[in-house]
1. Fewest first, what order do 80, 252, 152 take by the number of other Cβ atoms within 10 Å?
2. Write down the percent of antiparallel bridges among all DSSP beta bridges whose residues are both part of region 5-191, to the nearest 5.
3. Quick one: order 250, 20 by neighbouring beta-carbon count within 10 Å, fewest to most.
4. Going by a ≥ b ≥ c, the root eigenvalues of the Cα gyration tensor, does region 23-111 fall in the rounded group (a/c under 1.5), the prolate group (a/b larger than b/c) or the oblate group?
5. For 180, 59, 40, which order do you get if you count the other beta carbons within 10 Å of each Cβ and list the fewest first?
6. Using a ≥ b ≥ c from the Cα gyration tensor of region 5-191 (square roots of the eigenvalues), is it rounded, prolate or oblate, where a/c under 1.5 gives rounded and otherwise the larger of a/b and b/c decides, a/b for prolate?
7. I need the shape label for region 128-175. Rule: rounded when a/c is under 1.5, else prolate if a/b > b/c, else oblate, with a, b, c from the alpha carbon gyration tensor.
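Bear in mind these aren't lab numbers, they're just calculated from the coordinates by the rules spelled out. Here the structure is a predicted model, which is why all the values come from computation and not from measurement. Here the Cβ is made from the backbone with ideal geometry for all residues, glycine too, and neighbour counts use every protein chain on show.
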């Protein structure tokens, strides 16, 4: 029997699913079996909007007493709104009055949800561990725990299969070690929402397309921009993040080199 590709329904093949589908299927399996499920996730980026997409399914689990734990290790950068929400969890502050946030707070206060920030080096991992009863599933690929990563972007995550029990346990040990080496201090999170500040500071804002075109002209490499007819208005999520980070570096240091892709 033919399987499926988890690429967020990119329209490339007829047999596709989203990363969100992977979560839903494991949650439904836990409910059908009446077994607890644990989520251990390590990603470069976590945005609260990603948790909002999981909220309805996680709530069903929690109400049935089947949500054992949701542990998250994230990279050192996130959006301002997400940092404020995580700060509110730690301090019992009121980040916002929403059903999803109140649920997240309840999970945190009951010990079901916890997170840490990896600071040692660049954190580019996308690892998802689903533990239902004595079973463990391991998925890895390109998707962050964001709304784009769960359903909007073209991503690719694949199951790590054909492993012995000892091999699978090694991935659990890997996550646990990453967890130990991560910080539980929210203040360690950096903000990537710098575009608002940049637009009011003493800098000239250029659309990324115009910035590259001007840079090429300055370098006297005008031949590189001849016959450009593609629509460059759409950027992938990782490109948006890189753009914000570049603006931040420009404000701080006056220069930045971006190499998002290679080929």
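1. Working: 80 13, 252 10, 152 18.
In order of increasing Cβ crowding within 10 Å: 252, 80, 152.
2. On the way: 18 of 35 bridges.
Of all bridge pairs located within region 5-191, approximately 50 percent are antiparallel.
3. Working: 250 15, 20 21.
With the fewest neighbours first, 250, 20 line up as 250, 20.
4. Numbers: a/c = 2.10, a/b = 1.55, b/c = 1.35.
Prolate, because a/c is 1.5 or more and a/b exceeds b/c.
5. Values: 180 8, 59 16, 40 23.
Exposure proxy ranking, most exposed first: 180, 59, 40.
6. Numbers: a/c = 1.32, a/b = 1.26, b/c = 1.05.
Note, shape of region 5-191 comes out rounded.
7. Working: a/c = 2.58, a/b = 2.22, b/c = 1.16.
In terms of gyration-tensor shape, prolate.
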